Amino acid sequence: MRVTVIGAGIVGAACAYACAQRGLKVTVLDRGGLVAGTTGSGEGNILVSDKEPGPELDLALRSNALWRDWEAELNRHVGCDADGGIQLERKGGLIVTRTSRGMRALAETTGELVDERAVRELEPHLAADILGGAFFPQDMQVQPARAAAAMLAGAREHGAEVRLRTEVRDLPADADAVINATGAWAAQFGIALPVEPRRGFILVTEPLPVLIRHKVYSAEYLENVASGDADLQTSTVVESTPGGPVLIGATRERVGFDATPNRAALRKLAAGAAALFPFLADVRIMRTYHGFRPYAADHLPVIGPDPLTPRLWHAHGHEGAGIGLAPATGELIADLLTGSAPALDPAPFSPARFPEVAA
């Protein structure tokens, strides 16, 4: 079977890698350079902590396992030198709150509830008014550009061809299956799926010693992830990186592909980070960047065959979870294309699930 993957970001790279491993003849096409889109502006989150029980959590747990299984091979493809290959960090995630109400809400999650003393054993530099939190040991972080490059290198090793800076306007005629992995730009192919860009900004500090041990975020982040509101939403997400800078997020807003910096959003991010970790108030912000995440109206990825366009398959709509969910998405696509029994039920992610499509 000849498979063309449109999009060389993390999801497209994972699809190419998984399909090439099964012996499919794979070609990857992308209109830009390597990780020139959303993947290049990602934080590298591999999370289960922000997902409620259900299909997305199942996909996240499967993907979490695959990241661990693929790590050694991916490190080999980028060279596991002194800076750690794809930099897969098993750091764990910590959701924190200042209120008793927040603690009651966190008790309903799948995390390990930690009290005021225990939360400071995990993160000694937290603000004094943090009451407690929930700890998720499965959460990890990866360097997304390296990971995508490693997957593409792995696909090449299995015979795949990767062609960058190649514009695709129509489905390639020589492919038996075409995978639309174009993320926030996915609406250009096939049926009119309710997938659109959701912009997010990140702050990057000057290099620091590792004073933040885990991915730490406020309980409000869970509400923002689940919200479909188009207006600006901000919640504090803070994490160190192997290179030293601290990454500070997160914002969400549906403004199309408008790349104009939102100064109010950036100020809120900085203030929220300093309120969570007071030492950050004296740290310089070196730069900011943004990304357009593929937002699906029901907050589930779109994975599977297009119900109206023959040969077309979809693998997008992950919003801010694309990096974490990429391996399981690639595996599911490869399972379906080869007729293998999928590790997960594909029905919740089907492109045919939307009422406007069914009509």
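The equivalent ellipsoid of region 268-359 has semi-axes of 38, 15, 11 Å, largest first, where each one is the square root of 5 times an eigenvalue of the Cα gyration tensor. Rg over Rh for region 197-330 works out to 1.03, both radii taken from alpha-carbon positions and Rh defined as the Kirkwood radius. Extension gain for Ala347-Glu116 works out to 79.0 nm (0.36 nm per residue, less the C-alpha to C-alpha distance). What the Cα convex hull of region 146-271 gives, in volume per residue, is 176 Å³. Cross-link reach is defined here as a Cα-Cα straight distance under 25 Å, omitting same-chain residues fewer than 8 places apart; for Lys215 the lysines meeting it are Lys51, Lys91, Lys268. Relative to the longest principal axis of the Cα atoms of the chain, helix 55-78 runs at roughly 80 degrees. The residues of region 1-91 expose on average 37 square angstrom of accessible surface per residue, using a 1.4 Å probe on protein heavy atoms. One Cα centroid belongs to region 176-220, the other to region 13-62; the line between them spans 11 Å.
For region 15-29, the residues whose backbone nitrogen is under 13 Å from a point 7 Å from the Cα of Glu161, taken along Cα to Cβ, are 25-29. Expressed as a whole percent, the accessible area of the chain that falls on carbon and sulfur atoms is 51 (1.4 Å probe).
Charge dipole of region 273-328 (Cα centre as origin; +1 on each Lys and Arg Cβ, -1 on each Asp and Glu Cβ, all else neutral): 200 debye, rounded to the nearest 20.
Helix 10-21: angle to the longest alpha-carbon principal axis of the chain, degrees 0 to 90, nearest 10? Roughly 50 degrees between the two axes. The relative contact order of region 27-110 comes to 23 percent, based on Cα pairs under 8 Å that sit 6 or more residues apart. Calculation over all alpha carbon pairs of region 1-104 in 5 angstrom steps from 0 returns a P(r) of 2, 9, 14, 18, 21, 16, 8, 4, 3, 2, 1, 0 percent. Taking 1.567 mPa s as the viscosity and 4 °C as the temperature, the Stokes-Einstein diffusion coefficient of region 26-165 based on its alpha-carbon Kirkwood radius rounds to 75 µm²/s. Compared with the dominant principal axis of the Cα atoms in the chain, helix 322-338 is inclined by about 20°.
Of the residues Ser340, Ala219, Leu34, the one whose Cα sits farthest toward the positive end of the charge dipole of the chain, with +1 on the Cβ of Lys and Arg and -1 on the Cβ of Asp and Glu, is Leu34.
The values are calculated or read from the model by the stated rules, or taken from the named source; none is laboratory data. The structure presented is a predicted model; accordingly, all values stated were derived computationally and were not measured. When we count neighbours, we look across all protein chains shown, and the Cβ atoms used for this are built from the backbone with ideal geometry, even at glycine. Heads up: the accessible areas ignore ligands, DNA and RNA and are worked out on the full protein's heavy atoms, side chains in. Shrake-Rupley method; radii C 1.70, N 1.55, O 1.52, S 1.80 Å.
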